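The values are calculated or read from the model by the stated rules, or taken from the named source; none is laboratory data. All values derive from a computational prediction rather than experimental measurement. Positions of Cβ are generated from backbone atoms using ideal geometry, with glycine treated the same way; all protein chains shown enter the neighbour counts. Protein only, heavy atoms only, side chains kept; ligands, DNA and RNA dropped before computing areas. Shrake-Rupley method; radii C 1.70, N 1.55, O 1.52, S 1.80 Å.
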Amino acid sequence: MSLPEVLFWRALRDRPGGFNFRRQHPSGPYVADFYCHAARLIIELDSEAHERGDRPARDAARDAWFAQRGLFTARLAACDVLDDLDAVVRHLVTLAATRTAGAQ
């Protein structure tokens, strides 16, 4: 795992907002960086490499595959994790809470 992924995983292991997260979660032909089953939420930490070459198209196809299965993909910038991890985790917890509330 990259440094941003390690730092993010350390924060997620504390179950922020009471949500349980998995790392390197397999789903069909893909492996999600992180996954919250309760919120049906895929979390991808993207480096700047995701902006180059065919990566944007590949990421869009991957996100569409997840969406067809009722999963939402949150793409977070790895640099944001390094800049303000707490803000990223708060955003993620808000997103998970919103998705969980909408499922009830």
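Accessible area per residue for the chain, computed on protein heavy atoms with a 1.4 Å probe, is 58 Å². When the Gaussian network model of the chain links Cα atoms closer than 10 Å, the mean-square fluctuations of Pro29, Pro16, Pro56 top out at Pro29.
Proximity of backbone amide H atoms, modeled 1.01 Å from N, is registered between Asp46 and Leu76, Ala77, Ala78 at under 5 Å, excluding neighbours fewer than 5 places apart on the same chain. What FRET efficiency comes out for the pair Gln68/Met1, r = Cβ-Cβ distance, R0 = 41 Å, nearest 0.05? E(calc), rounded to 0.05, equals 0.90.
Between Gln24 and Ala61, the distance separating the two model label sites (each 7 Å from Cα on the Cα→Cβ line) works out to 2.5 nm. When only alpha carbons of segment 1-85 are considered, Rg and Dmax amount to 12.7, 38 Å. Of the trypsin sites (Lys or Arg not before Pro) found in segment 1-65, those that fall in a DSSP loop while having at most 13 other beta-carbon atoms within 10 Å are Arg13, Arg52.
Whole-Hz Karplus values for segment 26-39 come out as x, 8, x, x, 10, 10, 7, 4, 9, 8, 10, 5, 4, 9 Hz, taken residue by residue from phi with 6.51 cos²θ - 1.76 cosθ + 1.60 and θ = phi - 60°; glycine and proline positions read x. For a quick check, take a GNM of the chain with Cα springs below 10 Å and name the residue from Ala61, Ala39, Ala77 with the largest mean-square fluctuation. Judging by the Gaussian network model, the answer is Ala61. Modelled spin labels at Arg40 and Ala11, positioned 7 Å past Cα toward Cβ, are 2.6 nm from each other. Given +1 at the Cβ of Lys and Arg, -1 at the Cβ of Asp and Glu and no other charges, the dipole of the chain around its Cα centre is 540 debye to the nearest 20.
Calculated mean residue ellipticity, 222 nm, the chain: -14500 deg cm²/dmol, from DSSP H runs (n ≥ 4) at -39500 (n - 2.57) each, averaged per residue and rounded to 500. The distance separating the Cα centre of segment 74-104 from that of segment 1-48 comes to 10 Å.
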